[in-house]
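Novice: Dropping a structure here in structure tokens format, bear with me for questions.
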RNA sequence: GCCGGGGUGGCGGAAUAGGCAGACGCGCAAGGCUUAGGACCUUGUAGGUUUUUCCUGUGUGGGUUCAAAUCCCACCCCCGGCACCA
């Protein structure tokens with residue numbers, strides 16, 4: 001008999017699918033749509049490994065099932081090719097990024113095609129294509145015009161190796177996420193996008209998403225909303241009241257009576273205002289410099305600080321005067337940059353108080369009295385009129401008192417910072433902005449016509465938008481693109497590109513030489529797939545309405561606090577512009593767990609444990625690879641690669657191949673009830689499990705069904721076809737081959753997905769297996785007629801030899817009976 | 001440190017509105033086939049035991065229940081996220 005030649009079969013059907021354009025997505029609005037999306041890869045130089053294919057296989061399975069269920073499926077693929085990884089690869093290998101990206105894409109595409117995916121390559125996109133990034137620039141311009149982009153010179157994270165500024169999101173434990181270098185703080189001219197303006201909506205709308213709870217939690221924590229109270233404290237010069245005040249923010253206003261000192265961030269502006277009054281101002285200045293030179297990680301190591309000599313702050317409730325400190329543990333850019341310190345009920349304040357020998361006053365009764373500090377809820381003590389109140393109640397009462405004094409309000413702060421959007425690198429989208437000295441002057445001197453400048457231009461005097469008709473601002477082709485390290489991008493060296501004319505005044509203007517960060521292109525790519533060839537707009541209204549939002553989005557959890565926040569932000573902005581009609585881009589999100597190397601470590605060149613799809617497809621075939629990756633275990637879980645597992649799948653496919661000559665077209669359909677029952681159970685389980693990302697148990701059920709089929713002398717053709725359909729999303733090539741061998745002319749993926757019939761599953765059983773427990777332990781089991789009464793069943797059970805032996809002559813206390821299942825005799 | 005997720009045979013993992021622990025696959029063992037090996041087929045496979053028997057078993061220790069991998073309390077370990085956010 002002919003062997004299972006997987007190579008021949010797989011090549012044959014991949015060609016067939018491509019030629020027949022089976023997976024071509026038409027904008028067929030008569031059918032219901034299903035948009036399933038993979039997070040698109042950045043094509044790095046090292047190619048794909050088997051881990052990358054796990055998510056892609058899963059979406060492919062779902063795409064195939066949805067097609068068969070009658071959906072119009074959009075399942076596209078593209079390349080996120082701008083950014084540091086691509087550029088660093090290019091520099092290292094001395095090859096121009098444009099060329100490197102081209103080569104890498106070619107390789108990625110070949111490797112992806114190995115598993116026979118359903119991608120419609122006519123919709124392929126590439127973020128570095130001017131026809132694509134014209135719209136990235138266009139969206140940026142809209143953000144700019146809306147006043148959501150601002151030039152800033154503040155110190156930001158700077159990677160000395162990559163020679164660029166980075167956003168908070170791009171750090172891992174104080175190191176550059178890309179190269180691992182320690183990040184420094186460096187003052188730098190940069191563009192910030194005001195994502196904080198959308199913080200509340202980014203938080204609220206998480207409610208409407210079908211995302212896994214841990215990912216939602218990560219986003220919530222990253223946005224980090226804290227609700228509390230902001231109140232003013234008077235400042236005294238020794239014992240003389242001044243007109244200066246310090247604002248502090250706290251989430252625990254109930255502990256205000258326990259405040260024993262106040263701490264300011266070293267950079268707090270009030271220090272400058274009081275420099276003549278503060279006796280040790282020079283010392284504080286010096287401390288401030290020290291702290292600013294430290295990285296965020298170094299700042300957390302110990303609690304240093306200095307007392308601000310000469311001034312005191314007044315607790316508004318007690319009128320008590322307390323000392324003021326500066327310390328690095330208070331951050332300037334969170335809350336008001338000043339805190340009320342309550343060492344008895346806050347760990348950090350406690351540590352600081354210990355070090356500086358400051359009084360610790362308990363104001364909440366804690367159950368465990370030898371605790372050094374107590375951060376929980378409880379009953380107030382030592383709190384005057386508030387003593388005896390519960391903390392929760394006390395918070396409300398105290399706020400009210402302070403509000404009546406006119407010095408406090410309830411408020412909240414976010415942890416999320418505005419998005420540092422500029423990179424001092426070559427390989428990214430150029431900003432569609434120009435700088436014009438003349439216009440800057442006119443704006444500052446208010447010598448311009450009403451409406452001449454937009455909101456963004458007025459906000460950033462001198463920066464002028466490139467006219468939309470002149471987009472895209474193409475990234476110039478250059479020979480030298482290494483980062484400069486000066487804080488300017490490499491583009492600054494290309495004089496004839498930089499120097500241009502100002503569209504407003506006609507004078508000389510200079511182009512912005514920074515480029516956009518890697519994340520820019522991925523913020524909106526899912527929109528482009530729905531309308532990839534549109535030259536007039538980024539997406540037509542009609543196509544947006546039909547295809548959006550994305551029904552299912554699959555990718556790694558590492559994007560939880562970056563891409564997934566940025567993309568949601570841009571989507572909401574586009575919603576405000578009326579370009580998209582949904583508040584959220586991705587309805588359902590599932591994250592894929594890593595495949596680890598055979599040594600249980602992350603697959604990496606460093607460990608030499610990379611398994612490539614080429615070698616596996618060569619040895620065992622794409623279907624075996626797909627099947628194994630889905631069978632390994634729960635989809636979102638990290639699991640180590642075991643080559644033996646693929647062999648097992650190959651073996652399973654071979655058994656299916658071999659069973660061909662047992663298949664007969666049975667005229668009389670007198671299938672055993674048993675087979676029909678398993679068949680329908682399998683249809684149900686496979687359909688539901690695919691929907692719920694439980695691919696491992698779906699495959700297990702398919703195997704159970706197959707094991708049963710294999711036992712028979714003959715297999716009914718109709719039943720075997722149903723079996724093939726159920727398996728086809730997982731092992732498309734083999735199933736397509738067998739489907740045709742059985743005489744079908746059309747692709748199996750044009751066939752209709754099997755339906756199950758509940759009545760076959762439930763099937764009225766005449767008998768059931770009763771479990772017999774004695775004192776809760778399983779001791780016996782017996783087949784019982786389903787229509788017997790409880791009493792009759794009891795009699796049967798008690799007559800059984802085994803049961804009699806166990807009970808002998810003990811007195812039965814009670815008998816628990818669960819219908820159709822179990823009986824438990826207790827004595 | 002705080003917040004998530006998780007700990008089940010030799011291995012990957014099944015089973016949670018509490019009700020046969022170990023489905024399915026890998027590995028291993030015995031037998032068949034074969035000159036032989038591989039492949040393939042059949043059977044067995046949690047550990048122990050006095051082996052048609054009973055005992056013990058889902059990270060550890062307690063608890064609730066007729067009955068717990070599943071619920072409650074305390075603790076240990078692994079993975080991920082955050083990193084002084086007031």
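Novice: State all residues of region A:295-317 that are in a loop (DSSP other than H, G, I, E, B), in contact (Cβ under 8 Å) with a residue 40 or more places away in the chain and touching a strand residue (DSSP E or B) at 6+ places or on another chain (Cβ under 8 Å); if no residue qualifies, say none.
Specialist: A:295, A:303, A:315, A:316
Novice: Residue A:55 fails exactly one of the following numbered conditions: (1) out of contact with any helix residue (DSSP H, G or I) (no Cβ under 9 Å at 6 or more places or on another chain); (2) surrounded by fewer than 19 Cβ atoms within 10 Å (Cβ to Cβ); (3) touching a residue at least 12 places away in the same chain (Cβ under 8 Å); (4) over 17 Å from residue A:528 (Cα atoms). What is the number of that condition?
Specialist: (2)
Novice: Among the residues in region A:560-579, are any over 14 Å from residue A:209 (Cβ atoms), crowded, with 18+ Cβ neighbours inside 10 Å, modelled with pLDDT under 95 and in contact with a helix residue (DSSP H, G or I) (Cβ under 9 Å, 6 or more places away or on another chain)?
Specialist: yes
Novice: Can you find, within region A:318-337, the residue that is nearest to RNA strand B (Cβ to nearest atom) among those that are within 26 Å of residue A:385 (Cβ to Cβ) and part of a strand (DSSP E or B)?
Specialist: So the residue we want is A:322.
Novice: Checking residue A:200 against (1) under 30 Å from residue A:397 (Cβ atoms); (2) surrounded by 20 or more Cβ atoms within 10 Å (Cβ to Cβ); (3) away from RNA strand B (no atom under 14 Å from the Cβ), only one condition comes out false. Which one?
Specialist: Exception for residue A:200: condition (2).
Novice: Any idea which of A:537, A:512, A:488 is more than 26 Å from the chain's Cα centre (by Cα) and under 15 Å from residue A:574 (Cβ atoms)?
Specialist: A:537
Novice: Turning to a different aspect of this structure: Please work out if residue A:342 is near RNA strand B (Cβ under 8 Å from one of its atoms) and surrounded by 20 or more Cβ atoms within 10 Å (Cβ to Cβ).
Specialist: It is true that residue A:342 is near RNA strand B (Cβ under 8 Å from one of its atoms) and surrounded by 20 or more Cβ atoms within 10 Å (Cβ to Cβ).
Novice: Count, please, the residues in region A:367-408 that happen to be more than 39 Å from the chain's Cα centre (by Cα) and part of a loop (DSSP other than H, G, I, E, B).
Specialist: Within region A:367-408, residues that are more than 39 Å from the chain's Cα centre (by Cα) and part of a loop (DSSP other than H, G, I, E, B) number 13.
Novice: Quick check on my filter: what residues within region A:12-52 are assigned to a strand (DSSP E or B) and buried (at least 19 other Cβ atoms within 10 Å of the Cβ)?
Specialist: A:34, A:35, A:36, A:37, A:38
Novice: Moving on to the next point. So which of A:811, A:804 ends up being exposed (fewer than 14 other Cβ atoms within 10 Å of the Cβ) and in a loop (DSSP other than H, G, I, E, B)?
Specialist: Result of the check over A:811, A:804: A:811.
Novice: Report, by residue number, each residue of region A:60-84 that is in a helix (DSSP H, G or I), more than 13 Å from residue A:112 (Cα to Cα) and touching a residue at least 40 places away in the same chain (Cβ under 8 Å).
Specialist: Those that are in a helix (DSSP H, G or I), more than 13 Å from residue A:112 (Cα to Cα) and touching a residue at least 40 places away in the same chain (Cβ under 8 Å): A:61, A:62, A:63, A:64, A:65, A:67, A:68, A:84.
Novice: Against the definition (modelled with pLDDT of 90 or more, under 22 Å from residue A:675 (Cα atoms) and surrounded by 12 or more Cβ atoms within 10 Å (Cβ to Cβ)), how does residue A:734 come out, yes or no?
Specialist: The answer is no for residue A:734.
Novice: Right, something else. With the checklist (1) surrounded by fewer than 16 Cβ atoms within 10 Å (Cβ to Cβ); (2) touching a residue at least 40 places away in the same chain (Cβ under 8 Å); (3) part of a loop (DSSP other than H, G, I, E, B); (4) touching a strand residue (DSSP E or B) at 6+ places or on another chain (Cβ under 8 Å) in hand, flag the one item residue A:427 doesn't pass.
Specialist: Of the numbered conditions (1) surrounded by fewer than 16 Cβ atoms within 10 Å (Cβ to Cβ); (2) touching a residue at least 40 places away in the same chain (Cβ under 8 Å); (3) part of a loop (DSSP other than H, G, I, E, B); (4) touching a strand residue (DSSP E or B) at 6+ places or on another chain (Cβ under 8 Å), the odd one out for residue A:427 is (1).
Novice: While we're looking at this one, here's another question. Which one of these does residue A:170 not meet: (1) within 27 Å of residue A:424 (Cα to Cα); (2) without any contact (Cβ under 8 Å) to a residue 60 or more places away in the chain; (3) within 16 Å of the chain's Cα centre (by Cα); (4) surrounded by 16 or more Cβ atoms within 10 Å (Cβ to Cβ)?
Specialist: Tallying (1) within 27 Å of residue A:424 (Cα to Cα); (2) without any contact (Cβ under 8 Å) to a residue 60 or more places away in the chain; (3) within 16 Å of the chain's Cα centre (by Cα); (4) surrounded by 16 or more Cβ atoms within 10 Å (Cβ to Cβ), residue A:170 fails exactly one: (2).
Novice: Can residue A:761 be described as in contact (Cβ under 8 Å) with a residue 60 or more places away in the chain, over 19 Å from residue A:17 (Cα atoms), buried (at least 16 other Cβ atoms within 10 Å of the Cβ) and within 16 Å of RNA strand B (Cβ to nearest atom)?
Specialist: yes
Novice: Within region A:764-789, track down each residue that is over 30 Å from residue A:685 (Cβ atoms) and surrounded by 11 or more Cβ atoms within 10 Å (Cβ to Cβ).
Specialist: A:774, A:775, A:779, A:780, A:788
Yes/no per residue for (1) modelled with pLDDT of 95 or more; (2) outside any helix (DSSP H, G or I); (3) out of contact with any strand residue (DSSP E or B) (no Cβ under 6 Å at 6 or more places or on another chain); (4) farther than 17 Å from residue A:13 by Cβ:
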{"site": "A:698", "(1), (2), (3), (4)": "yes, no, yes, yes"}
{"site": "A:703", "(1), (2), (3), (4)": "yes, no, yes, yes"}
{"site": "A:708", "(1), (2), (3), (4)": "no, no, yes, yes"}
{"site": "A:713", "(1), (2), (3), (4)": "no, yes, yes, yes"}
{"site": "A:724", "(1), (2), (3), (4)": "yes, no, yes, no"}
{"site": "A:730", "(1), (2), (3), (4)": "yes, yes, yes, no"}
{"site": "A:740", "(1), (2), (3), (4)": "yes, no, yes, no"}
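Novice: I've got another one for you. Would you mind finding the one in A:746, A:736 that is within 30 Å of residue A:57 (Cα to Cα) and in a helix (DSSP H, G or I)?
Specialist: From the options A:746, A:736, the qualifying one is A:736.
The values are calculated or read from the model by the stated rules, or taken from the named source; none is laboratory data. Source: prediction; values computed, not measured. Counting neighbours? That spans all protein chains shown, and the Cβs are built from the backbone with ideal geometry, glycine included.
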